[in-house]
Amino acid sequence: MGKVATTDLPALEEDGVHIWLLPSPCPAPEMASVLSAEERDRVDCLVMPEHRVRFTAFHGLTRYILSAYGAGLPAELSFVAGQKGKPGLVTRDGTALSFNLSHSADRAVLAISLGGELGVDIEAVRQIDQMQALARNTFAPAETNAILALPQAQQMEAFLTCWTRKEALIKADGRGMGVPLKEFEVTVYPAEPARLLRAEGRASTLLEFELNDLPALPGYKAALATTGTGRALTCFQIV
């Protein structure tokens, strides 16, 4: 498990977002030792040993990273819930930090900003059973039609591109699946810039967010949604 170097950490600016690409997890006692009682209870509820390792490593490392921004000792971080229940953090000097964590298979991505709302999603590129039916039942018709019009060999990557872009938006909003995925549309082709094309009804609040793809690791797709436009993204990778 990589270490978090804090001495050379660039300042997080008001218009910036720091993106952390987290490494493949391995059992690490120092990560388990900083988890809260609630987080340890969640670990105990996981059946598969590899899922316990991933949760412990990614959530423990998140605490170490947030600590590097002046939020306090990793084990003593006190998270606060926003209006829609999303966790946030206040540093020792009173600065509000927004953050969002997503993990898939053996990789995770953590996004951090000074206030505002953000959402991040990462997905391992893999085969998904009944992908075409899932797209029809979940995505807006225009998105599904665009995906299924592609050669079959390209459909899975387009599906996951669409999925990460939509997930990032609803995580930034804070309502999660309370936002119907069929009530908004995003670009679905991997070569297209990530953009929100349409949002109506309960999804109309998504219009305040800017959408970006992230430079995920090979074999993964990732996207970020933030309030404001033109945010400067700085990426870090722990190895």
Hey, among THR234, THR229, THR164, which residue is closer than 30 Å to LEU9 by Cβ and in a strand (DSSP E or B)?
-> THR234
Please work out if GLY174 is assigned by TED's automatic domain parsing to the domain that holds GLN132, touching a residue at least 12 places away in the same chain (Cβ under 8 Å) and loosely packed, with under 14 Cβ neighbours inside 10 Å.
-> no
When the stretch 35-80 is checked residue by residue, the ones that are farther than 20 Å from VAL109 by Cβ and in contact with a Gly (Cβ under 7 Å, 6 or more places away or on another chain) are VAL80
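Residues that are touching a strand residue (DSSP E or B) at 6+ places or on another chain (Cβ under 8 Å) and modelled with pLDDT of 90 or more, at least 3 per element: which strands (runs of 3 or more DSSP E) completely within the stretch 56-122 meet that?
Numbers: elements: 79-81, 87-90, 96-104, 107-114.
Fully inside the stretch 56-122 and qualifying: 96-104, 107-114.
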Which of the residues spanning the stretch 37-51 are touching a helix residue (DSSP H, G or I) at 6+ places or on another chain (Cβ under 9 Å) and over 18 Å from HIS103 (Cβ atoms)?
-> ASP44
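Does the stretch 85-131 hold any residues that are under 17 Å from the mean Cα position of the chain (by Cα) and of a type in the set (D, E, K, R), and which are they?
LYS86, ASP106, ARG107, GLU117, ASP121, GLU123
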Residues satisfying the stated conditions in the stretch 10-48, i.e. part of a loop (DSSP other than H, G, I, E, B), in contact (Cβ under 8 Å) with a residue 60 or more places away in the chain and under 26 Å from ALA124 (Cα atoms) = PRO23, SER24, PRO25
Tally the residues that are surrounded by 19 or more Cβ atoms within 10 Å (Cβ to Cβ) and either of a type in the set (Lys, Arg) or out of contact with any strand residue (DSSP E or B) (no Cβ under 9 Å at 6 or more places or on another chain) (or both), restricting the search to the stretch 123-145.
-> 2
Residues located in the stretch 78-106, provided they are among the aliphatic types (A, V, I, L, M) and at positive phi | ALA105
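I want to confirm something. Restricting to the stretch 203-221 and keeping residues that are among the small types (Gly, Ala, Ser) and over 20 Å from LYS182 (Cα atoms), which single residue is surrounded by the fewest Cβ atoms within 10 Å (Cβ to Cβ)?
So, considering only residues that are among the small types (Gly, Ala, Ser) and over 20 Å from LYS182 (Cα atoms), the one surrounded by the fewest Cβ atoms within 10 Å (Cβ to Cβ) is GLY219.
Residues are listed down the side, and each one gets a yes or a no for (1) closer than 25 Å to ARG175 by Cα; (2) of a type outside the set (S, T, N, Q):
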| position | (1), (2) |
| --- | --- |
| LEU89 | yes, yes |
| ASP93 | no, yes |
| PHE99 | yes, yes |
| ALA108 | yes, yes |
| GLY116 | yes, yes |
| ASP121 | yes, yes |
| GLN130 | no, no |
In this structure, does VAL53 turn out to be among the β-branched types (Val, Ile, Thr), assigned to a helix (DSSP H, G or I) and in contact (Cβ under 8 Å) with a residue 12 or more places away in the chain?
-> yes
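From the list ALA194, ALA146, ALA142, ALA199, pick out the single residue that is in contact (Cβ under 8 Å) with a residue 12 or more places away in the chain, under 23 Å from LYS84 (Cα atoms) and not assigned by TED's automatic domain parsing to the domain that holds ASP106.
Details: ALA194 fails: under 23 Å from LYS84 (Cα atoms); ALA146 fails: under 23 Å from LYS84 (Cα atoms); ALA142 fails: under 23 Å from LYS84 (Cα atoms).
Only one candidate qualifies: ALA199.
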Would you please name the residue that is farthest from ILE19 (Cα to Cα), looking only at residues in the stretch 208-218 that are in contact with a Leu (Cβ under 7 Å, 6 or more places away or on another chain) and of a type outside the set (Phe, Trp, Tyr)?
-> LEU211
Name every residue in the stretch 179-191 that is assigned to a loop (DSSP other than H, G, I, E, B) and in contact (Cβ under 8 Å) with a residue 12 or more places away in the chain, in order of residue number.
-> VAL179, PRO180, THR187, VAL188, TYR189, PRO190
Does LEU211 satisfy the condition of being modelled with pLDDT of 90 or more, over 17 Å from the mean Cα position of the chain (by Cα) and either under 15 Å from ARG165 (Cβ atoms) or in a strand (DSSP E or B) (or both)?
-> no
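The values are calculated or read from the model by the stated rules, or taken from the named source; none is laboratory data. Computed from a prediction, not measured in an experiment: that's the story for all the values here. Because the Cβ atoms are built from the backbone with ideal geometry, glycine has one as well, and the counts that use them run over all protein chains shown.
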